[in-house]
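K.L.:
Submitted below is the structure of interest, expressed as structure tokens.
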Protein chains: 2
Amino acid sequence: MLSDVMEDYLKTIYQIQARSGPPVSTSAIATALDKTPATVTSMLGTLEERGLITREKYKGAELTREGETVALEVLRHHRLLEAYLAERLDYSWSEVHEEADALEHHISEEFERRVAAALDDPAVDPHGDPIPSADLAPLEDDDATPLSTREVGDTVVVSRVSDRDREELEYLAEAGITPGTTLGIVDVAPFGMVTVETDDGGEQSLPESIAEAIYVVDADTDGTDRDAGSDVQEAGNA
Amino acid sequence: MLSDVMEDYLKTIYQIQARSGPPVSTSAIATALDKTPATVTSMLGTLEERGLITREKYKGAELTREGETVALEVLRHHRLLEAYLAERLDYSWSEVHEEADALEHHISEEFERRVAAALDDPAVDPHGDPIPSADLAPLEDDDATPLSTREVGDTVVVSRVSDRDREELEYLAEAGITPGTTLGIVDVAPFGMVTVETDDGGEQSLPESIAEAIYVVDADTDGTDRDAGSDVQEAGNA
DNA sequence: TTATTACTTTAGACGAGTCTAAAAGTGGAT
DNA sequence: ATCCACTTTTAGACTCGTCTAAAGTAATAA
């Protein structure tokens, strides 16, 4: 019913909205989807007519409940696929994103169910991002903050890592920094360069751009409901 | 590079060509893809410009080597997916077709490799259709003929079953007639109704439309290179 | 041979999604 | 309070894949 293209717009708006809150600007969407702003304006018109977003001219867009549900469905497909690819087809966590992007619009409800069942209803994907539940209930807000907002001396656990940039992910995989890793912050240099000590005692210096993509919680926070260690874990339906 | 739509046309032309030989008529393609003949004529023009088919006006189309390679690639994706869904996600052989149709255009080469590896390079899909090899070498001709061409007294083994109609497949699955099943033909009535005896001694009467979709070989033929029993088997690269 | 019938192609239109160029609006700095 | 720089929207065009309606071709039966 909804085209792949529209689903992509809704997913993108959801993700920007989750990070920076509404309203979501035309240019932010354009950048994320690699389209011109004019194209985005045009599509926002369509999405508004369909009742999937609301919009204030020259200000930006916000998902309606219906638009959010579509976005959550797409996100559920994406993250289930990532989890499945990593768990059952030996993909590394840095490789799964593109494949999931290509497939997320094309799987049936039946496929979704079977994949979820095969993995025992995982709660998070390999990047640590939460997988929306089958009923597409809104996701809880997240108490993790970027590593770049923490201070020297903090001990934190990696909650999730943005999966936007393949290179970054490979760099971090190399460095042993994945969801579930405990980090001690040993230095914060000018321009946001952060030096951390990993589980195994090694030290890594991370440029700010990367430190911004690593979301962490305090190490003493009970990790049980957002832990994303080596194994995906069962969903507790919020 | 090639759109999904073009891939679908090429796949369809390949399949009709494999059944009835070239040239493939506009209307046959139109029927198979549920498009108008005018639409097909238009797309055949595009495909010809791209060097994927040759064409004689008012006669029909034929794949070039390049067009055939594309078709084989799509077919490989489709059949690998069918095999994977059946083997690893508990789909029944009657359910896999639609899911594979939706996904076949969207999987990466990497995904193709990993799926093939996970299944140990299967030679046939759950319907008994051969899976093109990774090098996309042309498929051998097939010595199976439709059940409807056989006579009373013949003992045959089901080689493959056309996967065009979901209802038919469920009917046959119910009747225990799948690739690998041995059948004895006990009666052929007017209008092509065929009565067969299955492995387990039961008798089934099949209308001609279904008997045409069941491809069989003589039971004494060595089944080793086209057997399609419960397990998929390794490819021997032709 | 010609007429009928079935099939194919041409002609022209349309919707979706995109673009470029130009006009309009917004908001901060002077 | 005005202006400037930036963002957003509008206007209009283009491609792709599709359709309908009309015209052309082929094959067959009379």
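The values are calculated or read from the model by the stated rules, or taken from the named source; none is laboratory data. Note that the coordinates shown come from a computational prediction; the quantities given were computed from them, not determined experimentally. Positions of Cβ are generated from backbone atoms using ideal geometry, with glycine treated the same way; all protein chains shown enter the neighbour counts.
K.L.:
State whether the residues of region A:36-49 include one that is under 27 Å from A:E110 (Cβ atoms) and either within 14 Å of another protein chain (Cβ to nearest Cβ) or within 12 Å of DNA strand C (Cβ to nearest atom) (or both).
P.N.:
Scanning region A:36-49, I find no residue that is under 27 Å from A:E110 (Cβ atoms) and either within 14 Å of another protein chain (Cβ to nearest Cβ) or within 12 Å of DNA strand C (Cβ to nearest atom) (or both), so the answer is no.
K.L.:
For region B:77-130, give me each residue that is away from chain A (no Cβ under 11 Å), of a type in the set (D, E, K, R), part of a helix (DSSP H, G or I) and in contact with an Asp or Glu (Cβ under 7 Å, 6 or more places away or on another chain).
P.N.:
B:R79, B:E82
K.L.:
I'd like to verify a number: residues in region B:19-28 that are within 11 Å of DNA strand C (Cβ to nearest atom) and either over 12 Å from B:G60 (Cα atoms) or in contact with a Phe, Trp or Tyr (Cβ under 8 Å, 6 or more places away or on another chain) (or both), how many?
P.N.:
Adding up the residues that qualify gives 0.
K.L.:
Could you list, in sequence order, the residues of region B:76-94 that are of a type in the set (D, E) and in contact (Cβ under 8 Å) with a residue 12 or more places away in the chain?
P.N.:
B:E82, B:E87
K.L.:
Any residue at all in region A:171-181 that is within 21 Å of A:R19 (Cα to Cα) and without any contact (Cβ under 8 Å) to a residue 40 or more places away in the chain?
P.N.:
no
K.L.:
Something else now. Scan region A:132-149 and give yes if some residue there is free of Cβ contacts under 8 Å to residues at least 40 places away in the same chain and away from chain B (no Cβ under 14 Å), otherwise no.
P.N.:
yes
K.L.:
Report yes if some residue within region B:49-67 is in contact with a Ser or Thr (Cβ under 7 Å, 6 or more places away or on another chain), at pLDDT 95 or above, surrounded by 17 or more Cβ atoms within 10 Å (Cβ to Cβ) and on the phi > 0 side of the Ramachandran plot; otherwise report no.
P.N.:
Checked against the condition, which is being in contact with a Ser or Thr (Cβ under 7 Å, 6 or more places away or on another chain), at pLDDT 95 or above, surrounded by 17 or more Cβ atoms within 10 Å (Cβ to Cβ) and on the phi > 0 side of the Ramachandran plot, region B:49-67 yields at least one hit.
K.L.:
Can you tell me how many residues within region B:120-145 are over 27 Å from B:E167 (Cα atoms) and not small (G, A, S)?
P.N.:
Residues of region B:120-145 over 27 Å from B:E167 (Cα atoms): B:120-121, B:133-141.
Next, from what is left, pick out any that are not small (G, A, S): B:120-121, B:135-136, B:138-141.
Within region B:120-145, residues that are over 27 Å from B:E167 (Cα atoms) and not small (G, A, S) number 8.
K.L.:
I need the helices (runs of 4 or more DSSP H) fully contained in region A:1-65, keeping only those with at least 2 residues that are under 30 Å from A:A144 (Cα atoms) and within 8 Å of DNA strand D (Cβ to nearest atom).
P.N.:
So the answer is A:26-33.
K.L.:
Report yes if some residue within region B:10-18 is more than 19 Å from the chain's Cα centre (by Cα), within 12 Å of DNA strand C (Cβ to nearest atom) and more than 14 Å from chain A (Cβ to nearest Cβ); otherwise report no.
P.N.:
no
K.L.:
Give all pairs with beta carbons closer than 6 Å in which a residue from region B:6-22 that is without any contact (Cβ under 8 Å) to a residue 24 or more places away in the chain meets a residue that is within 16 Å of DNA strand D (Cβ to nearest atom); count only pairs at least 6 apart in sequence or on separate chains.
P.N.:
That search, which allows pairs on different chains as well, returns B:T12/B:I29; B:T12/B:A32; B:T12/B:L33; B:I16/B:V24; B:I16/B:A28.
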